[in-house]
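Written out below as structure tokens is the structure these notes cover.
The values are calculated or read from the model by the stated rules, or taken from the named source; none is laboratory data. All values derive from a computational prediction rather than experimental measurement. So basically every Cβ, Gly included, is an ideal-geometry build from the backbone, and we count neighbours across all protein chains shown. To get the accessible areas, we keep the full protein, side chains included, count just its heavy atoms, and leave off ligands, DNA and RNA. Shrake-Rupley method; radii C 1.70, N 1.55, O 1.52, S 1.80 Å.
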Amino acid sequence: MTSHVGVSARSDIGAVRHVNEDGFLAEDPVFVVADGMGGHARGDLASQTAVESLARTLQPGSRPTPDEVVAAIDEANAAVRALSGVDESGAAVAGTTLAGVVRVRVPERATEQWMVVNVGDSRVYAWDGTTLTQLTVDHSAVQELVDAGLITEAQAAVHPERNIITRALGAEDFVDTDTELLPDAQHRVFVICSDGLTRELSDSRIAAILAEQPDDPAGELVEAAVEAGGHDNVTVLVIAADEADGPSVIS
């Protein structure tokens with residue numbers, strides 16, 4: 001299967017921050033968002049280092065295997081890890097989230113599929129024109145509390161520890177990446193975002209904006225998040241893939 005891929009991408013510093021610590025890569029076969037750990041050293045450099053590492057190892061137009069994608073993320077982790085000194089710990093450690101989708105070849109099936117990857121609390125959603133479905137699970141302190149039944153989703157949104165993530169590239173020598181291969185489909189739309197979007201807009205609000213079918217969906221979502229407060233950097237990719245030939249760009 002080959003895919004015609006349309007991309008809408010936007011990143012904004014937001015209304016409060018002085019540096020944009022988000023980065024993204026949106027070049028077939030890799031579509032990812034990286035969010036440098038807020039309050040940590042070199043967050044902007046960490047996200048950019050992760051993105052640049054993936055761009056080198058997963059070449060444009062290639063079709064890596066799932067194992068090669070995991071190896072590439074491991075290499076990106078090592079590159080981000082190298083930004084921190086051997087004696088640095090805690091908030092002094094450079095780190096970044098990473099979430100997105102990669103078009104991979106699956107040798108045993110002789111086919112191509114979308115692979116979802118995630119480390120941290122940036123997110124990947126699927127949009128079917130009606131329903132927005134979160135494909136990733138946040139690696140965060142509040143998500144663990146929600147999973148344990150100790151707090152509700154609504155409480156998690158305002159919890160004092162909502163900014164604490166439990167996994168990040170660069171935090172440890174080895175990174176545990178969540179991965180999932182999606183079944184083949186004629187048409188898929190993915191929304192990939194940093195938490196600057198989901199902190200400001202509910203899933204229902206995101207869905208409502210997408211349902212309006214804007215020409216630049218990523219731009220519309222980012223602008224809505226900034227208007228809602230823009231307390232963090234906001235980065236959004238909207239990826240539309242159909243069975244066809246060759247990539248294209250929405251905006």
Looking across the range 212-235 at residues that are aliphatic (A, V, I, L, M) and within 18 Å of the chain's Cα centre (by Cα), the single one that is nearest to V189 (Cα to Cα) is A218
Residues of the range 42-59 being open to solvent by 70 Å² or more (accessible area, probe 1.4 Å) and not acidic (D, E), in sequence order, are R42, L45, Q48, R56, Q59
**So V124, is it among the β-branched types (V, I, T) and either within 26 Å of R63 (Cβ to Cβ) or not in a loop (DSSP other than H, G, I, E, B) (or both)** = yes
Of V158, V119, V137, V175, the only residue that is of a type outside the set (F, W, Y) and open to solvent by less than 20 Å² (accessible area, probe 1.4 Å) is V119
All conditions in (1) open to solvent by less than 50 Å² (accessible area, probe 1.4 Å); (2) over 18 Å from E112 (Cβ atoms) are true of V30 except (2)
Selection from the range 215-241 of residues surrounded by fewer than 16 Cβ atoms within 10 Å (Cβ to Cβ) and closer than 21 Å to V5 by Cβ yields D215, D216
Within the range 107-121, the residues that are farther than 17 Å from A34 by Cβ and not in a loop (DSSP other than H, G, I, E, B) are P107, E108, R109, T111, E112, Q113, W114
Q.
Against the condition under 17 Å from G120 (Cβ atoms) and modelled with pLDDT of 95 or more, how does T179 come out, does it pass?
A. yes
Selection from the range 22-67 of residues touching a helix residue (DSSP H, G or I) at 6+ places or on another chain (Cβ under 7 Å) and on the phi > 0 side of the Ramachandran plot yields G39
Across (1) in contact (Cβ under 8 Å) with a residue 24 or more places away in the chain; (2) surrounded by fewer than 18 Cβ atoms within 10 Å (Cβ to Cβ), E144 clears everything bar (1)
**Asked** Is the range 87-97 home to any residue that is at pLDDT 95 or above, more than 13 Å from the chain's Cα centre (by Cα), buried (at least 17 other Cβ atoms within 10 Å of the Cβ) and not in a helix (DSSP H, G or I)?
**Response** no
Practice prompt. State whether the residues of the range 166-175 include one that is in contact with a Ser or Thr (Cβ under 9 Å, 6 or more places away or on another chain) and assigned to a strand (DSSP E or B).
Written response: yes
